[in-house]
Amino acid sequence: MIPSLLPEQALSELGRTEGGPDTLALLVRDQQMRRLLLLRAVLDAVEEADAEICPPVLRQRFRSDWALLEEADRAGEAEEPPGEGKGVRHSPARTQILYPLVGPWARGCLRALSTKTIPRTARQRRARSLRRELCYFSALAAAAAVRAGVSFSARLSAQDGMLALPSLGALGALGAIGDGDVEVVARDGRMTLRRRGEADVVVVVAEREAPTAFGTGLGPAPGAGFATWSAATAWKPVQLLPGLLPESVPVPLDDLDPHRTVDGGSRHQALSGPATLDEAARERWLTSWTGVRSILRLGGEHRVAEVATLLRCLVPLAPPAGHAAPDGGTGSCSGTRREAFGAVLSSTPPTPATFAATLVHEMQHAKLAALSDMVVLHREGAQERYFAPWRPDPRPYDGLLQGAYSHVALADFFQRCALAATVRPEQRSIAWGEHARYRAQVRMTLPVLAASTALTAQGRLLVARLTEECERMGEEPPPPGMQIRAEERVSSAHARWFRCRTPAE
C-alpha cells in the first residue's frame, strides 16, 4: 500500500457519501499516482522477463514504444499551476496512460509477465498473451504521440481484425489482412494509416476546447478532449459526449477499446458483455446524457460535482439477457471496475432519470474503492455469508459495505429529488418510493456492518457517518405508510433468505 495521509475531514465527507473539491481531488491524485507506478512496474517486468515469455525482439519493440511515450511526454510537458498545487496539467502522454481502460491492460500485462513457475505449455500461452498486450502498448504510445503533436512513423499490429488507438478510435474492416501490420504516419494533426493492397486512411485529430482547470483544481481530464474524423468508413472514432458542466471536458463513450470488457468475478456476474454502437444507439446515449445534469442537480450540487470530477469514460454494454424492465423493455445493468478508475460500464440508459441514478450509484463504488486503496477500512475475510437486501445471494463483508455505501447515497439522492420544488407530483411519488426502499435496505444493513470487530478506526468512522446520514434522512420522511411498507418488504425478503439457508429438520 502506498503511504498516504487522509484527513479526518475528508473521511467524514466520504462517510456522508459526499466529498468536497479537495477530497475528490485527493482520491483522483492518489489513483493517478498508482497508475504511474503500475506502468513503471510493467516496464521493470518486461526488462526482467524470461526470454521464453518475452523474446528479445518483443522487448526491443517495447523499449522503442516507451521511448516514443517519453518523447510525447516531453513534447507536451506543462508546469504545475501556481498556488497550492492541488493537481497538475498532464502532458498528452500522462493523459493517455491515465485513461481508465489502460488500467485493465496494465494488470493483464503484469499477469502475463509473472515470474511464477508454470508448465511449458502454459508458458507458451502466456507468451502469446504478452505479445497481444504489448501490441496494445504500441498503440497506446502512438495515441499519446498523436495527442502531443509528435511526428512519427510506426508499424502497429491489428488484433482480431481491428487496430484500436486507445481513446481515439479504431481502424476496422481489415478483411483478409486480419491481424497484420498497419503503418501509422503522424504529422501536422493527421494520421495516415497504410495497409498493403488497401487505400490509405487519413484521420484528422483535433483537440476539443478544454479548460486548464475545473472545479476540483485538477488539470485537463485524462482521456478526453481529442476528437478524430475521417472520410473513410473503415475508421470509427470514439464518440465524445459533451462535458457535464460548461467548464468540464467531454466524456468518451468508448465501444472500441479491447480492454473495456469485464473480467469474471462474482461482482460482475450480472453484467452483460460489451456493445458496439450504431448511430441510433449513439443518439440514445446522447439523449440520456443531455438530460442527466438537471436531474443530478435535483439531488444536490455535490452529485453533479462528483460525476464531473470522477467520470472519465463510459463503456456501453449490451442489454442484459433475461432482465425485463417493468415497462416491457429489456432492463439495464451497470458496474465499475476497480482497475479502471473513472470508467462506468452501463447498458444503454432508457431515460435521463435512470442514467442519473446509475451515475450516483456507480460514483459511490468508485469513491469507496479509491478510499479503500488509501486506508484499510476492515480486516474481514472474503466469506460470503451476509444478507444484502438488494441481492438474492449472500455477500462478503466488503461487498455488503460497498452496497450499503451506494444505497445510502441513492436514498439521499431520491429524498432530495422528492423534496425539490420543481418536481411534478408523479415524479415526486416515484422518488419517495425509491428513497423509502433504499433507506429501508440500509437501515437493516448498517447495524450488521457496525457490529464487526474487524473494522479499523477509519472503517468505524466511515460506518458511523453512514449511520448518521441514514438517521438524518428520517427527519423528512416520505408520505405516511410508505417507509413502513418498504421496511416490511425488506423484513419479508430477509425471512425468505434465512429460511432458504436453514436446513430442514
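Under the membrane-span-like helix rule (DSSP H runs whose alpha carbons stretch at least 24 Å along the helix axis, mean Kyte-Doolittle hydropathy 0.0 or higher), the chain yields 21-48, 352-374, 397-419.
Compute the FRET efficiency between Asp160 and Val448 as 1/(1 + (r/R0)^6), taking r as their Cβ-Cβ distance and R0 = 41 Å, and round to the nearest 0.05. Efficiency, rounded to the nearest 0.05: 0.35.
The longest part of the chain holding none of the exposed loop trypsin sites (Lys or Arg not before Pro), meaning those outside H, G, I, E and B in DSSP with at most 14 other Cβ atoms within 10 Å, is 209-378.
Think of each Lys and Arg Cβ as +1 and each Asp and Glu Cβ as -1; about the Cα centre, that makes the dipole of segment 446-502 roughly 440 debye. Checking every one of the GluC sites (Glu not before Pro) in segment 17-54 against DSSP loop status and a limit of 16 other Cβ atoms within 10 Å picks out Glu52.
Rounded, prolate or oblate: pick one for segment 357-505, where a ≥ b ≥ c are the square roots of the eigenvalues of its C-alpha gyration tensor, a/c under 1.5 means rounded, and failing that, prolate if a/b is larger than b/c, else oblate. In terms of gyration-tensor shape, oblate.
Quick check: the distance between the Cα centres of segment 1-44 and segment 268-322, to the nearest angstrom? Centre-to-centre (Cα) distance: 24 Å. Once a ≥ b ≥ c are taken as the square roots of the eigenvalues of the Cα gyration tensor of segment 443-486, is the result rounded (a/c under 1.5), prolate (a/b larger than b/c) or oblate (a/b not larger than b/c)? Oblate. Between Ser64 and Glu279, the simple label model (points 7 Å from Cα in the Cβ direction) yields a spacing of 3.9 nm.
For Asp255, the residues 5 or more places off, or on other chains, whose built amide H falls under 5 Å of its own are Gln239. Each Lys and Arg adds +1 at its Cβ and each Asp and Glu adds -1 at its Cβ; summed about the Cα centre, the chain shows a dipole of about 1100 debye. The alpha carbon centroids of segment 400-447 and segment 93-145 are separated by 41 Å. A dipole drawn for the chain from +1 and -1 charges on Cβ atoms has a positive end, and of Pro316, Ile53, Ser248 the residue lying farthest that way is Ile53. With the simple spin-label model, which puts each label point 7 Å out from Cα in the Cβ direction, the Arg385 to Glu468 separation comes to 3.1 nm. One chain, two ends: Thr115 and Thr287. Fully extended at 0.36 nm per residue, the span grows by 57.1 nm beyond their Cα-Cα distance.
On the basis of the beta-carbon distance and an R0 of 22 Å, Glu183 and Glu47 show a calculated FRET efficiency of 0.20. Computed across the chain, the Kirkwood radius stands at 24.3 Å (inverse of mean 1/r, all Cα pairs). Summing Lys and Arg as +1 and Asp and Glu as -1 over all other residues whose Cβ lies under 15 Å from the Cβ of Leu419 gives a net charge of +2. Computed per residue of the chain from DSSP H runs no shorter than four, each worth -39500 (n - 2.57), the mean residue ellipticity at 222 nm is -16000 deg cm²/dmol.
Computed from the coordinates by the stated procedures, all read-outs in this text should not be read as laboratory data. Predicted model only: the values in this text are computed from it and were never measured. Methodologically, a virtual Cβ is constructed for each residue, glycine included, from the backbone with ideal geometry; neighbour enumeration extends over all protein chains shown.
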